[in-house]
1. Which of the residues that make up region 7-42 are assigned to a loop (DSSP other than H, G, I, E, B) and either assigned by the TED database to the domain that holds Leu655 or open to solvent by 80 Å² or more (accessible area, probe 1.4 Å) (or both)?
2. For Tyr550, state whether it is hydroxyl-bearing (Ser, Thr, Tyr) and farther than 17 Å from Arg596 by Cβ.
3. Return yes or no: is Glu188 farther than 30 Å from Pro566 by Cβ and either open to solvent by 30 Å² or more (accessible area, probe 1.4 Å) or at pLDDT below 95 (or both)?
4. Which numbered condition trips up Asn227, out of (1) modelled with pLDDT under 95; (2) under 24 Å from the mean Cα position of the chain (by Cα)?
5. Given the structure, is His549 in a strand (DSSP E or B) and either more than 27 Å from the chain's Cα centre (by Cα) or under 24 Å from Thr313 (Cα atoms) (or both)?
6. Would you mind telling me which numbered condition in (1) open to solvent by less than 20 Å² (accessible area, probe 1.4 Å); (2) at pLDDT below 80 Val349 fails?
7. So, Thr829, is that one buried (at least 16 other Cβ atoms within 10 Å of the Cβ), among the polar types (S, T, N, Q) and either touching a helix residue (DSSP H, G or I) at 6+ places or on another chain (Cβ under 9 Å) or within 30 Å of Val662 (Cα to Cα) (or both) or not?
8. Can you report the number of residues in region 548-567 which are buried (at least 23 other Cβ atoms within 10 Å of the Cβ) and at pLDDT below 90?
Amino acid sequence: MRRRTAQWTLILLALAACFFMFYFSTLANETPLVVSPQGCEMSWMSPHYVLQTDFDKSWTPFAKRYSLWLYREVGIDNMKERNGEPVLFIPGNAGSSRQVRSIASSAARQFYENRRGRFDKPLDVYAVEFNEDFSAIHPPTLLTQARYSTQAVHYILSLYPKGTRITIIGHSMGGTVAQILLKDLSDEVLRAVITMSTPSQLAPVRFDRRSEGVYKSIRDAQLGNINSTTPLISICGGATDSQITSELCAIPERTSPHRRTIMTSSLHGAWTGVGHREMVWCHQVRMMTARLALDIAQPSFDMKNIHRLMRSTSVQTSPPKELVNITGVPLHFKRTSSKLEIGSPMAGVHFLPLPTEKAVRLTVFSHGIELQNLARENGQLLTRGGILRVLFCTRPPPGVLEPGCVEIEGRASLLPRPNWPGAFPSEKGVLDNDHVSLFEADIQLTSYSTDSHVGLFFERSTSTGWVVAAVEPVLNATSSATLLDAMKPSGISFSLPARSRSLRTIFKLPKLLSHALIVYRGDAVYDGHCLGLRVPPLLLHQVSPIESHYHTPTRPFYLHSHRDGPFLPLIPNTNHTPELTIYSSGECGIKSITLRVAWKETLGRLGVRYWMGLAMWSVAVVALLMLSAIMGYDANGTFPPFEAVMVEFTQKQMLPIGGVLVALSMLPLPKEMIMGNSGILVFAPLSFFMWLFANGLVGASNYILKVVAGFFEQVQRLIGVTGKEQERSTSKRWIASILFVSLLVATIIPFQIAFMIVFIIQFSICCSAPPKIAAESSPKAEDSATSSPTPEGLRKQEIRRAQNFHLLVLLIWLALPFAAPILVVWVRTLQTAGYTVPFDGDHSVIVVLPWLLLGEVTASGRCLERESLNWRKRVTYASFLLLALTALLFGARFPYMVFEMATVVVAWLVATRVRWR
């Protein structure tokens, strides 16, 4: 009865695993735009590409495989001459040189159409064409692209005067190539490196050990230990990017003035999450990237330009200390209120009285009127409207009519201006200059004289624009809400009766877990007349100095973070606390906010982060099943079928092992282990569910393979084809075949192709009809067509088929993630580069030889023999256990270690359990 229950449990697990595979893939595609909507205006251009034919074999051995192009904007750029500063664009995985057109077009139009004396030189934007190579899954291809790009840099600089430097822009894996160039080239060659949606911390696919070497090699460059004065800017798309998670995109945290990460959701002027492919054409982002490249190319460039342009937080203003001359300027005093709202202001100074509280905060919103405090920090005027200066004024001395005024030190920034009550961002995003300028200052009245005022000084009249300002008590609140509170069905609510009409209200959330695996849903209740307000309620969720998100309370909003994530180094303690800020002009206020865990959106973030770990944990399941089968085989001489072993495993070992994994996940282990969360208790149960998921996938693969094998067996019986009658010896022909394949691996094909051949052979053997077993030898039996097979022949056949099926399941979980992608890369390279171009694959014969020998064992009809020596038994059992432990403890972070350990296990098997003859 218990066995039957275990069988049904396995079937249900398999069905559930298939369902959740579909469900998680659906969530991975749907939830990013729910959590972080994308608002991008389509970019337009008039492209023309000039092939650099002189960049030939004399410069690079890859001239036949790749190419270099110069972009020209039709009707704007000079088609015949190079008259700007060089920029090289590097596309990413399966990317194209044509992706350069959006950024290059914007740079040309900004220089020639809107230069206004700001830029001295245009840009000459080049792009490398990699024929859509799959660099993300094949490190040798990535390194080949880096070598070609290095040679392209030297060629491009040879076309310009000596001393010219180049700016590198890389998208996706092209940004990784750019960081390799940052490591290899000096700051005398590189002007700056800009990466877009680039996995800077970890390789997105880690089935090859060499990917680890690539990222270790560029770590010093990321941290500023190499080329410390060359700017490295990483632009990340946030939660909207479902291909490269943004916690991997961020440059490792370290205090370095020339290293900068910014999320597009906090980038002033963009304020939106951006998808992976959309990063290169989203108008709001490409415009800022082009402007940044133009700024970097100017002789007067310094790092302050980057911080001004790629701004995500407020900037501290430093106005002059001298008195502001307001002689003869109209003065307007407001005596009864500490709030002021002006539309189409006339030139003059409007005064707001300061209240009697010791500490107050000044908040100023303006639209269509440039804040002088912000314009000074930006080094430019962003609007063509009036100019506003924010002053602190004291009572004038006797005999003087005008008060003494100085500009106030404070914090200036920009806010998006959403269309109430629509969603934010809208489909086309925030349009150019459609923003609100914000100025804030904390004023300590004890340091000033009595009868003080805040002055809003309009230097000239304007018929457009408006200003809202208020002086209010400092009202900040800190919430003790935790993740456990948000996990309740009702969530956690914050009531805002006293602060709902303030221009700014801050809630600090120091205990609410900010992690890439958690998404919170927020629901706000607001009152008042919000339609048509200057500043309707706007919520700002600031996670860190590089990441913030804006929301409108008219619909559910989602709080999320990329400050921490699985397998990333522990973040050093910082003074920044995640907070929720509410901005409003005051007529419409938020009464309350409710936060709860968004379970569906949270699940959507698991699939893209743990799919490699799930595959490796499935290998661990297969390894434990094979261990159990081999132990039984050594004990009683019978090799149990795969399904029988798995039913017993499901009944006895599955749940205890899941419990052990949960216990280990609670320990503060290194972040490279298990699921990479270093003892965060709330994430510990994830390991149990992923373990069940892995068991279900292995069970599903068992049933699918049985159905497929059964189908082919029936087809072979119908056409009269069966397997061979008995095992054969290893002939010279087979030895020659193995040597020939080994020679091909050593010279032409990557070893993964030979591994796929072994898998195909093993699959065909398991799908073949059972051979006819010879009858017992007797004169009658020799003449009888209906003789019964011998018991020994049946036993050997069952052992052989059971072993072959076990090995097939192991091969399928190794071949699909490790070898199949390289087969795609190899075929793609042959198609695009030609059959004569050498493939930079792995030509290690030692790695694939055990698998070739294993293929010979099964193809020759042999069985793995029982072991009689105790020490050999123990080594065999320990090797399978070590394979399972490697997959469970390190497989999610270092998948390549699982394949390496499996190769060692197979080598031991073919060396000790095969009777060669």
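1. Hit for region 7-42 is Met42, nothing else.
2. yes
3. Values: farther than 30 Å from Pro566 by Cβ: yes; either open to solvent by 30 Å² or more (accessible area, probe 1.4 Å) or at pLDDT below 95 (or both): yes.
It is true that Glu188 is farther than 30 Å from Pro566 by Cβ and either open to solvent by 30 Å² or more (accessible area, probe 1.4 Å) or at pLDDT below 95 (or both).
4. Condition (2) is where Asn227 drops out.
5. On the way: in a strand (DSSP E or B): yes; either more than 27 Å from the chain's Cα centre (by Cα) or under 24 Å from Thr313 (Cα atoms) (or both): yes.
When the stated conditions are applied, His549 passes them.
6. (2)
7. The answer is yes for Thr829.
8. So the answer is 1.
The values are calculated or read from the model by the stated rules, or taken from the named source; none is laboratory data. If you're wondering where the values come from, they're calculated on a predicted model, not measured in any experiment. Quick reminder, even Gly has a Cβ in these numbers, built from the backbone with ideal geometry, and neighbours come from all protein chains shown. Side chains are part of the model used for accessible areas, which takes the heavy atoms of the whole protein and leaves out ligands, DNA and RNA. Shrake-Rupley method; radii C 1.70, N 1.55, O 1.52, S 1.80 Å.
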